[in-house]
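The values are calculated or read from the model by the stated rules, or taken from the named source; none is laboratory data. Remember, it's a predicted structure, so these values are computed and weren't measured experimentally. Quick reminder, even Gly has a Cβ in these numbers, built from the backbone with ideal geometry, and neighbours come from all protein chains shown. We work out accessible area using only protein heavy atoms, side chains counted, and drop any ligands, DNA or RNA first. Shrake-Rupley method; radii C 1.70, N 1.55, O 1.52, S 1.80 Å.
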Amino acid sequence: MIRWLVGLIGWSLAATSALAADPVTIGVGYLGIAGTRSTLSLVEQPAENDGVAGARLAIEDNNTTGKFTGQRFTLEERRIREGEDPVQAATTLAEKNGFIIADLPADAVLKVADALRERGTLLFNAGAIDERLREADCRANVIHTAPTRAMLADALGQYLVWKKWSRWLLVVGSHDEDKLFADALRRTATRFGAKIVQERTFEDKGGARRTDSGVTQIQRQMPVFTQQAPAYDVLVAADESEVFGAYLPYRTWDPRPVAGSAGLVPRSWDASQDQWGAIQMQNRFIKLNSRRMTALDMQAWTAVRMIGEATSRTNSGDVKKVTDFIKGPDFSVAAFKGTRLTLRDWNLQLRQPILLVDGRMVVSVSPQEGFLHQVSELDTLGYDRPESKCKLK
Amino acid sequence: MSSSDHRDNAALPPPPAGEGWGEGVSTSDTPQEERALSRIASDDAIRPPPQAGEVKTARGQTLRKLVTALPVAITLAAAPAHAFIAYVSNEKSNTVSVIDTDSWTVTKTIKVGQRPRGIDFTRDGKFVMVAVGDDDTIQVIDAKTQAVVDSLPSGPDPELFAQDAAGKVLYVANENDNTVTVIDLEKRARLGDIQVGVEPEGMTISPDGKTLINTSETTNMAHFIDTSSRQIVANVLVDARPRFAEFKHDSSEVWVSSEIGGTVSVIDPNKHEVIGKVTFEIPGLRKEAIQPVGIGMTKDDKTAFVALGPANRIAVVDVASRKVTKYLLVGQRVWHMAFTPDEKYLLSTNGVSNDVSVIDVAAQKVIKTIQVGELPWGITIAP
């Protein structure tokens with residue numbers, strides 16, 4: 001009798017465990033910088049959880065799918081303070097997480113990538129738009145979901161040329177990243193036949209972004225700064241540092257539209273994007289995070305979804321297997337941009353359409369029709385294979 | 001989902017002064033004669049439908065008749081035996097266009113709720129159900145009066161739905177909360193929800209009524225649901241963004257279109273395995289533009305039609321070999337399709353060009369284009 005009972009219990013235990021096989025856990029780390037940067041426009045001030053909020057939504061989406069595939073996704077977030085070593089933080093994260101989403105400056109991305117190479121951790125660069133991470137400094141263990149400056153500049157340039165606004169007045173900030181964006185815009189002008197009629201530099205002389213009577217002064221300064229320009233169609237501003245760009249619209253000496261870092265802005269994503277089913281995702285995002293979705297949120301969402309897509313296709317949580325699949329020829333991911341997104345195999349940059357937004361609406365989406373390419377029209381944005389200096393290692 | 005692909009518009013030159021973007025925007029690759037036809041059709045659409053008591057003869061003369069006593073007879077006289085009525089949901093206009101398949105004209109435009117998409121006749125042919133996603137309901141149109149008479153408790157953001165063979169139970173895909181809602185059509189009551197993947201969309205029921213297929217767009221699966229237990233029995237991974245599912249009439253295969261993946265997966269519904277794929281290639285067209293959505297299969301299971309979205313074409317597929325035999329050029333961003341019950345014609349909704357293409361099924365030719373409202377999405381034809 002007792003033996004029979006024990007047998008029965010044993011059998012039922014075995015049956016239970018067979019039914020509810022433990023799901024495979026796939027750990028994703030998120031490594032970012034603590035604190036937020038200050039923007040000229042108060043409404044554009046990033047939230048504390050900018051970026052990681054997108055990763056969180058993608059973890060939820062992956063877990064809904066994971067219910068059917070026996071996979072469970074977890075997210076571990078780590079923020080480093082200024083001066084703190086990103087490598088140490090990344091190494092700690094990598095102990096439990098085979099995949100790390102990084103929202104770090106270019107130098108830190110490189111340090112982390114090199115430190116984690118032996119371990120086999122796959123890094124997703126969701127934040128840095130620097131060309132060099134995809135060119136001379138490219139790495140075989142870094143996938144880029146953030147677009148590059150050249151992709152953003154080309155996306156804008158194609159539209160301006162389509163609009164026949166081909167005479168540009170280029171205004172460049174005095175910080176390094178402003179100069180890099182200006183380089184990208186110059187390259188774009190040359191590629192697509194626009195003419196930069198004049199360049200001006202806007203020196204950052206310091207000062208607060210929030211003042212009590214700032215508008216009065218700005219209204220006097222900006223027309224003066226932009227007067228006596230040669231005939232131009234559009235003012236193109238390169239101000240990643242948020243020093244003057246947003247002051248330009250409606251304040252130029254000549255009545256001209258503004259584009260680049262203010263006015264018509266190229267971005268990977270925008271809270272106003274509602275085409276191609278995006279409304280569902282925007283709704284999910286607002287429900288989860290009580291705010292609207294930014295480009296950085298989208299770049300992190302896409303990275304985590306790429307992991308989810310690869311784990312469900314390979315039916316595996318093995319980092320090596322998943323990495324190989326993502327880098328392989330059959331990989332693509334859907335990201336509410338009207339077309340499948342794939343990786344440029346020569347530098348692991350995600351191909352993607354770029355939205356042109358004015359802060360309220362999506363004005364257009366590049367690549368523009370008529371910009372042709374023998375492989376993918378998305379490769380008309382940014383550096384193409386033949387130009388690339390990247391040697392993946 | 002369902003996206004409104006506006007991209008093609010982006011490349012059009014700005015409209016001349018005094019002309020809007022709306023109807024009448026000619027499409028770059030619609031053949032000349034088709035455009036001419038669509039112009040004529042849109043003129044017809046503006047003209048009011050014949051009044052009760054007026055009957056048009058073949059020669060176009062209008063005869064006044066004494067009709068008060070015989071409304072039924074008049075209806076029959078106005079609609080010859082082979083004419084059918086198609087209902088088209090216009091996602092942006094918030095209207096449903098009613099098309100007469102005899103005259104190929106829009107006879108009525110019905111105002112409905114916000115963002116109408118999925119649309120289907122009830123099995124008895126008396127009502128048309130249309131999912132109005134942004135109003136979180138399914139509205140019911142009386143086919144006789146052509147007016148909205150009721151609404152169903154669908155759950156949030158209904159998009160597409162399927163009904164059982166008896167027409168008693170309705171299954172609705174609710175994109176916003178990853179569920180399929182089950183509705184008792186007679187009692188107008190919600191019977192329950194089934195949890196599925198992220199962004200459920202495509203819905204179809206097996207010919208024997210035992211299995212419901214739902215596709216989820218971000219999870220990229222076809223979920224096989226037992227209609228009696230309302231439990232998922234299998235999940236089949238397909239290519240990215242599955243939009244639509246269609247059973248072969250002999251139940252041997254389910255075809256699932258993947259909009260972003262650019263393929264149609266052929267699934268064995270017993271083994272729950274992908275047993276083949278239909279792929280598409282159109283010379284001169286970028287691969288990304290080929291986005292399969294709607295699928296229509298002839299009753300003999302020999303020929304399938306697959307709408308290819310922004311490729312502006314419908315592929316004609318030989319079902320046995322799963323090979324494309326022909327591409328039919330239709331309007332811009334072709335989405336969903338419906339056969340006339342006699343299967344002589346197939347009608348497709350072309351979102352960006354705001355029209356419906358009529359295909360002669362036997363000849364495999366586009367014979368007509370009819371202007372409807374803005375962003376036509378779904379279509380159903382009276383049984």
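A Cβ-based charge dipole, computed about the Cα centre of chain A with Lys and Arg at +1 and Asp and Glu at -1, lands at about 560 debye.
Backbone amide hydrogens, once placed in the peptide plane, bring B:K326 within less than 5 Å of B:V316, excluding anything fewer than 5 places away on its chain. A Gaussian network model of chain A, with springs between Cα atoms under 10 Å, assigns the largest mean-square fluctuation among A:L156, A:L31, A:L40 to A:L40. For B:G262, no residue whose modelled amide H falls within less than 5 Å of its own remains once neighbours fewer than 5 places apart on the same chain are excluded. In sequence order, the stretch A:353-365 has phi-based couplings of x, 10, 8, 10, 10, 10, x, 10, 9, 7, 7, 7, 10 Hz under the Karplus curve 6.51 cos²θ - 1.76 cosθ + 1.60, θ = phi - 60°, and Gly or Pro positions carry x. Between the stretch B:275-318 and the stretch A:292-336, the alpha-carbon centres lie 27 Å apart. Dividing the convex hull volume of the alpha-carbon atoms in the stretch A:150-265 by its residue count gives 90 Å³ per residue.
Figure the gain on full extension for A:V197 and A:H373 (residue separation times 0.36 nm, minus the Cα-Cα span) and round it to one decimal in nm. Can you show the working numbers first?
Values: separation 176, 0.36 × 176 = 63.36 nm, distance 2.84 nm.
Contour length minus Cα-Cα distance gives 60.5 nm.
Annotation: the protein assembly as shown has a Kirkwood hydrodynamic radius of 28.3 angstrom, from the mean reciprocal C-alpha pair distance.
Once neighbouring chains are kept in place and the probe is 1.4 Å, which whole percent of the accessible area of the stretch A:150-265 is contributed by carbon and sulfur?
Details: 2750 of 5550 Å².
Carbon and sulfur atoms account for 49 percent of the accessible area of the stretch A:150-265.
Note that the stretch A:133-142 has calculated 3J(HN,Hα) couplings of 5, 9, 10, 4, 9, 5, 9, 6, 9, 10 Hz, one per residue in order, obtained from phi through the Karplus relation 6.51 cos²θ - 1.76 cosθ + 1.60 (θ = phi - 60°); glycine and proline are x.
3J(HN,Hα) along the stretch A:255-271: x, 9, x, 10, 9, x, 7, 8, x, 8, 10, x, 9, 6, 7, 8, 5 Hz, from the Karplus curve 6.51 cos²θ - 1.76 cosθ + 1.60 with θ = phi - 60°, whole Hz, x for Gly and Pro. With each label modelled as a point 7 angstrom along the Cα→C-beta vector, the A:E60-A:T92 pair spans 2.8 nm. Note on A:K320: lysines with a C-alpha under 17 Å away, same-chain residues under 8 apart excluded, are A:K96, A:K393.
Taking every DSSP helix (H) stretch of at least 4 residues in chain A, weighting each as -39,500 (n - 2.57) and dividing the sum by the residue count yields a mean residue ellipticity at 222 nm of -11500 deg cm²/dmol. Can you spot the aspartates and glutamates whose alpha carbon is less than 13 Å from A:K337's alpha carbon? Ignore those fewer than 8 places along the same chain. Filter leaves A:D270, A:D274, B:D5, B:E259, B:E288.
Can you say what percent of the DSSP beta bridges in the protein assembly as shown, counting only those with both residues inside, are antiparallel? Round to 5. The partial results should precede the final answer.
Details: 124 of 163 bridges.
Counting only bridges with both partners in the protein assembly as shown, antiparallel ones make up about 75 percent.
Sketch the reach of a paramagnetic label on A:R37 as a point 7 Å from Cα along Cα-to-Cβ, and name the residues of the stretch A:165-189 whose backbone nitrogen lies under 17 Å away. Those under the cut-off are A:172-185. Once backbone amide H atoms are built at 1.01 Å from N, A:I101 has A:G29, A:Y30, A:L31, A:F124 as its partners under 5 Å, excluding neighbours fewer than 5 places away on the same chain. At a probe radius of 1.4 angstrom, the accessible area of the protein assembly as shown per residue rounds to 43 square angstrom. Only protein heavy atoms count here, probed at 1.4 Å, and on that basis chains A and B bury about 3000 Å² of accessible area in total. Note on A:61-73: average number of Cβ atoms from other chains within 10 Å of each residue's Cβ is 4. If the viscosity is 0.890 mPa s and the temperature 25 °C, what Stokes-Einstein diffusion coefficient in µm²/s follows for chain A when Rh is the Kirkwood radius over Cα pairs? Diffusion coefficient, whole number: 109 µm²/s. Mean per-residue shielding of peptide A:355-366 is 1, counting Cβ atoms of other chains within 10 Å of each Cβ.
Between their Cα atoms, which of A:K111/A:K327; B:K108/B:K144; B:K248/B:K302; B:K299/B:K344; A:K111/A:K179 are more than 19 Å away from each other? Numbers along the way, then the final one.
Working: A:K111/A:K327 22 Å; B:K108/B:K144 12 Å; B:K248/B:K302 9 Å; B:K299/B:K344 12 Å; A:K111/A:K179 24 Å.
Checking Cα-Cα distances, A:K111/A:K327; A:K111/A:K179 exceed 19 Å.
The spacing between the stretch A:62-111 and the stretch B:341-383, judged by their C-alpha centroids, is 50 Å.
Within chain A, the longest run free of GluC sites (Glu not before Pro) that sit in a DSSP loop with at most 16 other Cβ atoms within 10 Å is A:204-368.
In the stretch A:334-348, burial by the other protein chains removes 10 Å² or more of 1.4 Å probe accessible surface, compared with the chain on its own, from A:A334, A:F336, A:G338, A:T339, A:R340.
When only Cα pairs below 8 angstrom with a gap of at least 6 residues are kept, the stretch A:150-265 shows a relative contact order of 32 percent.
What percentage of the solvent-accessible surface of the stretch A:100-149, computed with a 1.4 Å probe over protein heavy atoms, is contributed by carbon and sulfur atoms? If you can, show how the numbers build up before the last one.
Details: 650 of 1440 Å².
The computed percentage sits at 45.
Each of B:G276, A:Q219, A:H175 was placed along the dipole of the protein assembly as shown (beta-carbon charges, centred on the mean Cα), and the one lying farthest toward the positive end is B:G276.
Need one number: % antiparallel among DSSP beta bridges in chain A, to the nearest 5.
On the way: 11 of 50 bridges.
Here the antiparallel bridges make up roughly 20 percent for chain A.
For chain A, the longest principal axis of the Cα atoms and the long axis of helix A:2-19 meet at an angle of about 20 degrees.
So between A:K391 and A:A140, what do we pick up on full extension, going 0.36 nm a residue minus the alpha carbon distance?
Working: separation 251, 0.36 × 251 = 90.36 nm, distance 0.86 nm.
Fully extending the segment from A:K391 to A:A140 adds 89.5 nm.
For the stretch A:256-294, a decrease in accessible area of 40 Å² or greater in the assembled protein chains relative to the isolated chain, with a 1.4 Å probe, applies to A:Q275, A:W276, A:Q280, A:R284.
Hey, got the dipole for the protein assembly as shown? About the Cα centre, +1 on K and R Cβ, -1 on D and E Cβ, debye to the nearest 20? Don't skip to the answer; put the middle values down first.
Working: 89 positive and 98 negative charges, 103 e Å.
With only Lys, Arg, Asp and Glu charged at Cβ, the dipole is about 500 debye.
Evaluated with a Cβ-only charge set (Lys, Arg +1; Asp, Glu -1), the stretch A:150-265 carries a dipole of roughly 460 debye about its Cα centre, given to the nearest 20.
Farthest towards the positive end of the charge dipole of the stretch A:150-265, among the residues A:A184, A:L264, A:G245, is the Cα of A:L264, using unit charges on the Cβ of Lys, Arg, Asp and Glu.
The portion of the accessible surface of the stretch B:223-359 made up by carbon and sulfur, rounded to a whole percent, is 45 (1.4 Å probe; DNA, RNA and ligands excluded).
Projecting the Cα atoms of A:A231, A:S41, A:A94 onto the charge dipole of the protein assembly as shown, computed from C-beta unit charges around the Cα centre, puts A:A231 farthest toward the positive end. Each residue, A:W346 and B:T279, gets one label point 7 Å from its Cα in the Cβ direction; the gap between the two is 2.4 nm.
Springs join every pair of Cα atoms under 10 Å in this Gaussian network model of chain A, and among A:R351, A:R149, A:R210 the largest mean-square fluctuation is at A:R210. Calculate, in nm to one decimal, what B:D300 and B:A363 gain on full extension: separation in residues at 0.36 nm each, minus their alpha carbon distance. The span from B:D300 to B:A363 would gain 21.1 nm if fully extended. Of the residues making up the stretch B:218-254, those losing 20 Å² or more of accessible area when the isolated chain is joined by the remaining protein chains, with a 1.4 Å probe, are B:T218, B:T219, B:N220, B:M221, B:N235, B:L237, B:A240, B:R241. Averaging Cα coordinates gives a centre for the stretch B:178-243 and one for the stretch A:190-258; these two points are 54 Å apart.
The label point for B:D193 and the one for A:A47, both projected 7 Å from the Cα toward the Cβ, are 2.2 nm apart.
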